[in-house]
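First comes the structure, then the notes that go with it.
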Amino acid sequence: MKETVLQNYMQLKTEVYESIIPKSIEHAILSEANWLGRGNLMSGEDVGFFVEVGDIVYMDYGQAYLNEMGYQHFGLVMAISEKKALVIPMTSNAKTYANAYDPESNPEGKKNLFPLPGIIDGLCKKSVLFLNDMKFVNTARMIEKKAHIDVKSPVFRKIQLRIMMLLFQNPSVI
């Protein structure tokens with residue numbers, strides 16, 4: 001039985017890799033290699049990686065379903081609990097940034113998207129957060145710190161308020 005399950009898995013995996021868009025196959029294989037090397041770690045601390053709330057990290061989200069962040073992207077650490085971090089995925093995609101809600105410049109924008117103001121020190125492009133894609137992850141998924149947003153800054157507070165609005169569907173929180 002174990003051999004049959006393994007054979008079925010390998011066949012399915014082969015079919016998947018053969019059908020993945022060429023530019024995504026590298027990300028998929030790299031993600032699997034990251035998981036093989038780090039998947040058994042309790043946290044990033046096991047490899048000397050320490051993270052703080054407010055850090056923007058480059059990390060591996062792993063495989064994703066449609067409309068989820070997957071593979072290697074940046075993320076903003078919003079909280080830490082029991083060796084896991086609550087991370088909001090982000091992108092520097094200009095079209096996504098342009099679609100993000102802003103009460104002044106884009107009041108009709110998507111409220112699940114939070115545009116970070118300007119270019120954050122340590123990054124090279126404007127970025128936008130996918131608020132509805134945040135999740136707790138093992139910090140072993142994190143590869144490198146790239147930047148930091150002070151948790152006492154107005155920007156960080158605005159992100160927290162938008163999360164509350166999104167979670168509780170209360171527009172008056174904005």
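The values are calculated or read from the model by the stated rules, or taken from the named source; none is laboratory data. These figures come from a predicted structure and were not determined experimentally. Note that each Cβ is placed from the backbone with ideal geometry, even for glycine, and that neighbours are counted across all protein chains shown.
Quick notes on this one:
- Every pair of residues 6+ apart whose Cβ atoms lie under 9 Å, when the first sits in the stretch 16-32 and is more than 12 Å from GLY70 (Cβ to Cβ) and of a type in the set (Phe, Trp, Tyr) while the second is part of a helix (DSSP H, G or I) and at pLDDT 75 or above: TYR17/ILE25; TYR17/ALA28; TYR17/ILE29
- Selection count, the stretch 36-66, where residues are modelled with pLDDT of 85 or more and outside any loop (DSSP other than H, G, I, E, B): 12
- Applying the set (1) polar (S, T, N, Q); (2) touching a Gly at 6+ places or on another chain (Cβ under 6 Å); (3) modelled with pLDDT under 80 to SER31 leaves exactly one unmet item: (3).
- Test: residue in the stretch 128-136 that is under 14 Å from MET59 (Cα atoms) and in contact with a Pro (Cβ under 8 Å, 6 or more places away or on another chain): yes
- LEU123 under 18 Å from MET164 (Cβ atoms) and either out of contact with any Pro (no Cβ under 9 Å at 6 or more places or on another chain) or surrounded by fewer than 18 Cβ atoms within 10 Å (Cβ to Cβ) (or both): no
- If you go through the stretch 77-120 and pick out every residue that is small (Gly, Ala, Ser), within 18 Å of MET164 (Cα to Cα), touching a residue at least 12 places away in the same chain (Cβ under 8 Å) and surrounded by 15 or more Cβ atoms within 10 Å (Cβ to Cβ), you end up with 2.
- At least 2 residues being among the aliphatic types (A, V, I, L, M) is the threshold, and among the strands (runs of 3 or more DSSP E) wholly inside the stretch 80-174 those reaching it are 84-91, 128-130, 142-148.
- Any pair with Cβ under 6 angstrom, 6 or more apart, that starts in the stretch 131-154 at a residue that is β-branched (Val, Ile, Thr) and ends at one that is part of a loop (DSSP other than H, G, I, E, B): THR139/SER43; THR139/VAL51; ILE149/GLY54; VAL151/VAL53; VAL151/GLY54
Every residue, every condition in (1) out of contact with any Asp or Glu (no Cβ under 9 Å at 6 or more places or on another chain); (2) exposed (fewer than 10 other Cβ atoms within 10 Å of the Cβ); (3) farther than 30 Å from PHE156 by Cβ, yes or no:
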residue	(1), (2), (3)
THR14	yes, no, yes
SER19	yes, yes, yes
ALA33	yes, no, yes
ASN67	no, yes, no
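- Flag if GLU15 is outside any helix (DSSP H, G or I) and more than 16 Å from LYS145 (Cα to Cα): no
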